[in-house]
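Undergrad: Structure below; questions to follow.
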Amino acid sequence: MRAKCEIALFLPNSMSGIRATCVALVTIMLSSVSLSGCIHDAIIEDLSAPYPEWYEEMEFIDDPMSHADSCFSTPCVRNFTIGEPFSDEIWDETGNKWAVFGNVEGGNCCEHYLAATKEGWIMNFGGEYPTWSEDRGHTWQEYQPSIFSQLGCMEPKPTVPGQEGLGEGSIVQATNGDIISMGWFPYPSASGADQFYAFFYDAEDEEWSWCFNRTPEPFYDRSWQVEVIGPINGGLYGNGPWASLVISNFWHQVQNVGGQISTDGLNYEYFGFPDRDAGLDIMEVDLNPSELGPEWDFTKPHKEMRAFPVPSGGLYFPDYFIDGRDAFLDTSLNWWTGVTLGGNSLPSQYCAFDSSTALHCVTTSNSNLTHMLSWDGGETWENQSYDLSIEATGLEEWEFHSNGLHDLFVLNVRYQSFSGPDVDIAWHVRDFSESMAPDSRTYIGQGDLDSTSGAGNDIRFDFASMGILPDGGSFIAYQDSTDPDPLFSVELLLPVGYIAKSQTL
């Protein structure tokens, strides 16, 4: 009984004494009443509260106490303040509990690279190896390469498992359930230096494998990775159900030198990108699918990939060219100038689909963000602005994800406050198909640390990262003074409807 009545912890401080009353009422008087009734009947009907009605319909998908020893950070469960989306009104400072994890669960000194799968995995490749949890963070697994790489690797090479040195990687689930990822080990180690290892999880065989790759193009800095929707007929690059495209953050953004591509997830070849002022032929691209499966809630890459998979096949790069035109990579791995079926370009480099068929884009300007939503393949747009100008000197990092099953959009922002420290927040937009206005703003962490991205800085938080689980719970990277390295948190308090819907999957 106690675990369910812990749901009452989301009540404001002024109601902190109600939990014991709730337990007593349930034990003595309401033993035949549902546990959710413990909250609604024994508390809500008798006492007023500053939070909205929908907040009454929240329950813990996990008992917070079950996370007491599931992490290496301390404490493993923390209270995150939640309140009005566009004012300083606070609803709750003690009951909105999130499970918190650190770099032991897949990160490194400066970042986490987070992603979710349709099976409910939380994946992290912020550090050396693919790391994941299949049970919302209660237990964690890590894949390290075997001494010898797999048969079929074009560049076979032995390694010393676990001794490849410091590294970092990228990871995302393909629409067929496979997991594509890579790891870069830049520093001299027992296995070598400047090593690119491809890691691949075959969903059908349920097995991990790896290959060494060292193609001659420069590779430096964090990788970004995305699926090219197939079937792929890539000529010299091979054929497959999809292609995996990897770019280097530094080289791609600074010199546009291209990336690496694979049609088997293990063997990568250099892949050139068009010049930013190239005059390519135009291809109309269908960005208006009639329906999409649940896998489309999990195929979004990190936003800095600046591309998104196209349901009809290929990969789309909005606002790629210097004049604002889009680029499109087709299933034969040929480059085009991309336009919508109506001949339009997209309004932002940062766009993605979800399973509702909604196309989401986000733009930024100074301390403002704008969420744009299209239901007709990018021809018309609805907008929602997020103005932080009265509290932020500028935006540090940001990321977004959406989930069509739950009609949920989450925008995560780390901003520089006027008072000095960086502040991590998350806006939740529930039922975005009905209204794009956010329902709440959650302050992730304490917001008491000023960090900077990039090598050479003592306190580093290099990029935002997040995901949404199939049950609708978010997990979000952040940093505050409680740990020398970035952390990430997993949402525990969810709408009852989310929990019920996820249990039917």
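The values are calculated or read from the model by the stated rules, or taken from the named source; none is laboratory data. Everything numeric in this text was worked out from a predicted model, so none of it was measured. Virtual Cβ from ideal backbone geometry, glycine too; neighbours counted across all protein chains shown.
Undergrad: Under 6 Å between Cβ atoms, which residue pairs at least 6 apart in sequence (or on different chains) link something in the range 261-275 that is closer than 18 Å to residue 173 by Cβ with a partner that is among the aromatic types (Phe, Trp, Tyr) and assigned to a loop (DSSP other than H, G, I, E, B)?
TA: Matching pairs, first to second residue: 262/268.
Undergrad: Does residue 122 satisfy the condition of being closer than 21 Å to residue 267 by Cβ and at pLDDT 95 or above?
TA: Judged against the criteria, residue 122 is not a match.
Undergrad: Listed residues 174, 198; which is surrounded by 15 or more Cβ atoms within 10 Å (Cβ to Cβ), among the aliphatic types (A, V, I, L, M) and closer than 22 Å to residue 297 by Cβ? Spell out the reasoning first.
TA: Details: 198 fails: closer than 22 Å to residue 297 by Cβ.
After ruling out the rest, the residue left standing is 174.
Undergrad: Identify the single condition in (1) free of Cβ contacts under 8 Å to residues at least 40 places away in the same chain; (2) touching a strand residue (DSSP E or B) at 6+ places or on another chain (Cβ under 7 Å) that residue 175 does not satisfy, given that it satisfies every other one.
TA: (1)
Undergrad: Would you mind stating whether residue 462 is under 26 Å from residue 76 (Cα atoms), among the acidic types (Asp, Glu) and free of Cβ contacts under 8 Å to residues at least 40 places away in the same chain?
TA: Answer is no for this residue.
Matching residues to (1) over 20 Å from residue 82 (Cα atoms); (2) crowded, with 24+ Cβ neighbours inside 10 Å; (3) not acidic (Asp, Glu):
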residue	(1), (2), (3)
387	no, no, no
390	no, no, yes
394	yes, no, yes
401	no, yes, yes
413	no, yes, yes
428	no, no, yes
